[in-house]
Amino acid sequence: MAIYYAACTLGLEDVLAEDLRRLGAGNIEKRKGACQFESEPPVAYAACLWARAAIRVQEELVRGRAEDKDDLYHLAGTVDWSQSITAKQTLAIDGSVKNSFANDTRYPVLVVKDAICDQFRSRTGIRPDVARERPHLPIKLVLQGGEAILYRELGGEPLHKRGYRLIQHKSPLNEATAAGLLQLTDWDRRAPLCDPMCGSATFLIEAAWLATDRAPGLGRSFAFEHWRDTDQAAWQQIYDDAEARAARGQDRLPVLRGNDRHPGALGIAEKALAGAGLTGKIELTRGDARDFTPPPDLGVVVTNPPYGERLEQDVERLEESWRHLGNFLHERCRGATAYVLSGDPDLPRFLGLRASNRFPVRNGPIDCRWLRYEVGTG
Ligand SMILES: C[S@@+](CC[C@H](N)C(=O)[O-])C[C@H]1O[C@@H](n2cnc3c(N)ncnc32)[C@H](O)[C@@H]1O
């Protein structure tokens, strides 16, 4: 059994905890923007592959007193690093420091690096190199008060990097956040769903993968695949099973339709659809949301309209976007449920609807609300 720590966007802890529970994690404890859990390693591999809202999964390697540099050096030396990598592989250490003997992360990170490299050198005569890009062993040091914790990060690249987005939209939604928001809705994963302001189509792609039982991590690599103590047979089985489930789920793709008024955004969306293996399977149209035709028998609308913080649009234009979204919902989505992500307390009133639920979530640096509306039939 090991202790793991899975990080997510603030507000999605319940969604993450539920995914982890289903994957077999034990003793799940919710924290702010994270869940801690205990399990055998294969559950943590599965979490990297399947936990849609997770951004990182880290394994705790050691925790102990670190009042000064010598304590930290000693603590890092108690871990047998050769269980993770050989001296010919690479590592990277990232740190966070609060109220500790060091003012910033640079010095303690160097101390940990020295402890690891000295351990390898004394045993084998050579030491692993540090690599900024794609290290085999990404290590995280947390130094808080007089205590240090060392983790190894299973994913390497953050888990929201599914691999389908090669070009960034101006204000894209993090893929893991989009997936978590979808999991917060009551969408049954069969009813038609649309996004009238889809930008780079993150909601639509994540919705497609959710509905077709495609693991979000399928097709990408993970740091733990390079570790010496990884149970490769168990991992292969988890991966094969995910491939089989994705193949079986293909014909469960519901009708998904997106729209945006910006041709550049749609170009990026098309490329993302291609990267996600969804070309031709999700219809995208260009135009104002007010004129967008949702699919017949619409169940759910999900969308992330602009709210100004990052797009620097003028206020009138923002208000107009929200008013047009309101027109679309009133005139074309009767009987459906709509979920709208807002990072602004004033703009939602331009929809002319009363929210039936509000989930607080964080989108990057912005405190947002995931607002639920039942679009009346009257
Ligand atoms: C915050 S971005 C959406 C980002 C998207 N969720 C993603 O993951 O890329 C807002 C999008 O709304 C679009 N938009 C704003 N007003 C619109 C309108 N009236 N009709 C259609 N699209 C609009 C913008 O072009 C932009 O792509």
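Values in this text are rule-based calculations from the coordinates and carry no lab data. Note that this is a predicted model, so its numbers are computed, not measured. Methodologically, a virtual Cβ is constructed for each residue, glycine included, from the backbone with ideal geometry; neighbour enumeration extends over all protein chains shown.
Just a few scattered comments:
- Beta bridge orientation in region 2-153: antiparallel %, DSSP, nearest 5: 75
- Too-long pairs where the Cα-Cα distance tops 31 Å, listed order kept, from 88/161; 113/170; 32/170: 113/170
- The C-alpha radius of gyration of region 250-378, expressed as a fraction of 2.2 N^0.38 Å, stands at 1.08.
- HN-Hα J in Hz across region 267-274 - Karplus 6.51, -1.76, 1.60, θ = phi - 60°, x for Gly and Pro: x, 5, 4, 4, 5, 5, 4, 4
- Shape category assigned to the chain from the gyration tensor of Cα positions, a/c cut at 1.5: prolate
- The length gained on full extension between residue 331 and residue 132, counted as 0.36 nm times the residue separation minus their Cα-Cα distance, comes to 66.5 nm.
- Entry note, the chain: the mean residue ellipticity at 222 nm calculated from DSSP H runs of n ≥ 4, each adding -39500 (n - 2.57), is -10000 deg cm²/dmol after division by the residues and rounding to the nearest 500.
- Vicinal HN-Hα couplings computed from phi for region 9-25 (Karplus, 6.51 cos²θ - 1.76 cosθ + 1.60; Hz; Gly/Pro x): 5, 4, x, 10, 4, 5, 4, 5, 4, 5, 4, 5, 4, 5, 7, x, 5
- Segment residue 346-residue 65, length gained on full extension (0.36 nm per residue, minus Cα span): 96.4 nm
- When both bridge partners sit in the chain, DSSP labels roughly 65% of those beta bridges antiparallel.
- A simple packing score, the average count of other Cβ atoms within 10 Å per residue, orders the peptides 55-67, 202-214, 123-135 as 202-214, 55-67, 123-135, with the highest score first.
- Under 5 Å, built H, 5+ apart or other chain: amide partners of residue 255: 193
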